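The values are calculated or read from the model by the stated rules, or taken from the named source; none is laboratory data. Source: prediction; values computed, not measured. Glycine gets a Cβ as well: all are built from the backbone with ideal geometry, and neighbour counts include every protein chain shown.
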Amino acid sequence: MAKYNIVERKEKDASYRMQLRPELVDELYDKILVKLIVEKKYRDPDYSARQLAQDLGTNTRYVSAVFNLRFQDNYSTLVNDFRIREAAYMLIDQRWADCNVEDIGLAVGFSNRQSFYAAFYRMKGITPREYRLQQADKLKK
């Protein structure tokens with residue numbers, strides 16, 4: 001069994017993705033970027049694709065379609081990607097040196113240690129603690 005029980009994703013064929021007007025896809029894409037990146041909604045562990053769709057005044061199918069068409073990913077994977085990128089920065093930033101790894105995971109939006117470690121390992125191939133130690137060693141050299 002793989003570490004952290006990581007399994008490959010399966011591709012799904014959803015015909016509704018191709019039925020969306022390109023203008024609507026562009027509009028939703030721009031709004032999604034504002035919500036997730038500018039407003040940093042990815043930091044909220046309770047913020048879901050359903051809540052995002054409500055905030056954008058659309059439905060979850062359209063939001064899902066935009067994630068697949070424009071980001072080539074799903075909501076959860078993309079949100080975790082934003083979280084891990086920020087966590088990786090915070091793990092080596094001296095302003096966060098006094099915080100433990102779990103606190104950083106909570107700060108970027110993970111609801112618990114296990115989900116943070118699993119997502120981090122999936123993206124980086126090492127645990128957050130190992131990453132912090134590895135980066136500290138690089139800085140010493």
Task: Residue identified as closer than 28 Å to Q19 by Cα and in contact with a helix residue (DSSP H, G or I) (Cβ under 6 Å, 6 or more places away or on another chain) among L78, L33, L91 - done: L78
TODO: Kindly list, by first and then second residue, each pair from a residue in region 99-116 that is polar (S, T, N, Q) to a residue that is assigned to a loop (DSSP other than H, G, I, E, B) and surrounded by 15 or more Cβ atoms within 10 Å (Cβ to Cβ), limited to pairs with Cβ atoms under 9 Å and residues at least 6 apart or on different chains.
DONE: S111/P45; N112/P45; S115/P45
Task: Verdict on D73 being in a loop (DSSP other than H, G, I, E, B) and at pLDDT below 95 - done: yes
Open item on the list: Can you tell me how many residues within region 121-132 are farther than 11 Å from V101 by Cα and part of a helix (DSSP H, G or I)?
Closed with: 4
- [ ] Please work out which one of (1) within 26 Å of R21 (Cα to Cα); (2) in contact (Cβ under 8 Å) with a residue 40 or more places away in the chain; (3) polar (S, T, N, Q) is the condition Q54 fails and give its number.
- [x] (2)
- [ ] Output yes when any residue across region 95-112 is polar (S, T, N, Q), at pLDDT 95 or above and in contact with a Leu (Cβ under 9 Å, 6 or more places away or on another chain), and no when none is.
- [x] yes
Open item on the list: Just to be sure I understand, how many residues within region 81-104 are part of a helix (DSSP H, G or I) and either hydrophobic (A, V, I, L, M, F, W, C) or in contact with a Lys or Arg (Cβ under 6 Å, 6 or more places away or on another chain) (or both)?
Closed with: 11
Open item on the list: For a quick check of your reading of the model, give me the residue pairs whose first member lies in region 117-131 and is touching a residue at least 60 places away in the same chain (Cβ under 8 Å) and in the same structural domain as A88 (by TED's automatic domain parsing), whose second is of a type in the set (S, T, N, Q) and surrounded by 15 or more Cβ atoms within 10 Å (Cβ to Cβ), with beta-carbon atoms closer than 7 Å and at least 6 apart or on different chains.
Closed with: Y117/T127; Y121/T127
